[in-house]
């Protein structure tokens with residue numbers, strides 16, 4: 001496995017891990033969803049601006065010309081996260097999670113069609129079982145008295161929420177797909193523009209949502225900064241690195257690790273319980289997410305020449 005591929009895989013696991021902490025932080029903040037999403041983008045943009053200033057590389061922002069893929073990847077990043085959080089308030093969590101997690105599938109299909117990215121059988125197997133694992137761990141598939149039931153439901157009163165969730169999944173997929181373009185731009189410069197245009201996208205949504213922050217206390221603001229640094233600057237920066245160094249389908253496979261992390265937080269911090277089917281779902285995600293790395297390591301180990309000890 002190449003160094004670039006290894007960096008991409010590690011960044012993808014790191015991004016999914018930090019993204020899995022969103023629920024932990026969000027539950028501590030008494031604010032509207034798009035206000036929380038704004039924090040993630042604002043902290044990211046500010047910290048990258050400070051980093052570029054400290055490194056004396058602020059001129060790199062002008063050195064690399066902006067392109068449509070850079071502008072729209074940021075806008076899709078910001079708006080899809082805001083749409084997802086809003087969807088969780090207007091439809092079932094299961095529906096919202098299902099729709100946003102079609103995003104990695106969309107990005108994989110787009111990359112294979114338009115970028116001619118290859119897709120190995122082991123990768124198809126991996127993404128298949130992690131998608132099934134996701135449906136199990138979020139409770140979309142359950143077994144009751146030997147009967148398998150699908151938890152995805154549609155009602156007239158939750159139609160707007162379902163459409164927002166679908167929009168979040170499409171936006172997420174487009175963000176990941178567009179991240180495969182402009183490989184010439186350094187990750188820190190690309191990340192700054194991602195965060196900047198994400199702020200623009202969320203700012204446009206504020207015109208319609210008109211959120212209020214008057215109810216937020218000092219503690220709320222501290223958690224607001226925390227989610228911005230950890231789940232914004234940290235998670236989305238690693239996501240940018242991962243999408244640059246991995247094929248879309250490779251990143252898609254690992255992204256579902258976020259579900260396992262979120263479930264673990266629920267158990268350890270909020271004393272939530274997992275059913276046997278949800279545990280199975282977590283195991284499928286782990287197996288699928290690590291299968292390609294494990295296979296590469298096995299091939300490398302089997303390819304090593306065996307050293308025969310000398311006699312005498």
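The values are calculated or read from the model by the stated rules, or taken from the named source; none is laboratory data. Not measured: the values here are computed from a predicted model. Heads up, the Cβs are rebuilt from the backbone with ideal geometry, glycines too, and the neighbour counts pull from every protein chain shown.
Elements of the type helices (runs of 4 or more DSSP H) sitting completely within region 1-82 and holding at least 3 residues that are at pLDDT 90 or above: these cover 3-19, 33-54, 60-63.
Could you give every pair whose Cβ atoms fall below 8 Å, whose first residue belongs to region 6-24 and is over 19 Å from residue 245 (Cα atoms), and whose second residue is assigned to a loop (DSSP other than H, G, I, E, B), counting only separations of at least 6 or pairs across chains? Pairs that qualify, where the first residue is over 19 Å from residue 245 (Cα atoms) and the partner is assigned to a loop (DSSP other than H, G, I, E, B), are 24/269.
Residues that are crowded, with 20+ Cβ neighbours inside 10 Å and assigned to a loop (DSSP other than H, G, I, E, B) within region 109-139 comprise just one, 138.
Against the numbered list (1) without any contact (Cβ under 8 Å) to a residue 12 or more places away in the chain; (2) touching a helix residue (DSSP H, G or I) at 6+ places or on another chain (Cβ under 7 Å), residue 38 comes up short only at (1). Selection over region 154-180 of residues that are surrounded by fewer than 18 Cβ atoms within 10 Å (Cβ to Cβ) and either free of Cβ contacts under 8 Å to residues at least 12 places away in the same chain or assigned to a loop (DSSP other than H, G, I, E, B) (or both) gives a count of 6. The residue that is nearest to the chain's Cα centre (by Cα), counting only those in region 195-225 that are closer than 21 Å to residue 167 by Cα and not in a helix (DSSP H, G or I), is 211.
Only residues that are over 15 Å from residue 177 (Cα atoms) and either assigned to a helix (DSSP H, G or I) or touching a helix residue (DSSP H, G or I) at 6+ places or on another chain (Cβ under 6 Å) (or both) were counted across region 83-108, and they come to 15.
On the stretch given as region 261-278, residues that are without any contact (Cβ under 8 Å) to a residue 60 or more places away in the chain and part of a helix (DSSP H, G or I) total 3. Whenever a residue of region 207-236 is free of Cβ contacts under 8 Å to residues at least 12 places away in the same chain and on the phi > 0 side of the Ramachandran plot, it has no partner that is part of a helix (DSSP H, G or I) and buried (at least 18 other Cβ atoms within 10 Å of the Cβ) lying with C-beta atoms less than 7 angstrom away and at least six residues away or across chains.
When we screen 227, 202 for residues that are over 28 Å from residue 109 (Cβ atoms), buried (at least 22 other Cβ atoms within 10 Å of the Cβ) and modelled with pLDDT of 90 or more, the only hit is 227. Residue 185 passes every criterion in (1) in a loop (DSSP other than H, G, I, E, B); (2) without any contact (Cβ under 8 Å) to a residue 24 or more places away in the chain apart from (2). As a summary of the residue check, residue 3 satisfies the conditions (1) surrounded by fewer than 16 Cβ atoms within 10 Å (Cβ to Cβ); (2) closer than 29 Å to residue 287 by Cβ; (3) under 20 Å from the mean Cα position of the chain (by Cα) except for the one numbered (3).
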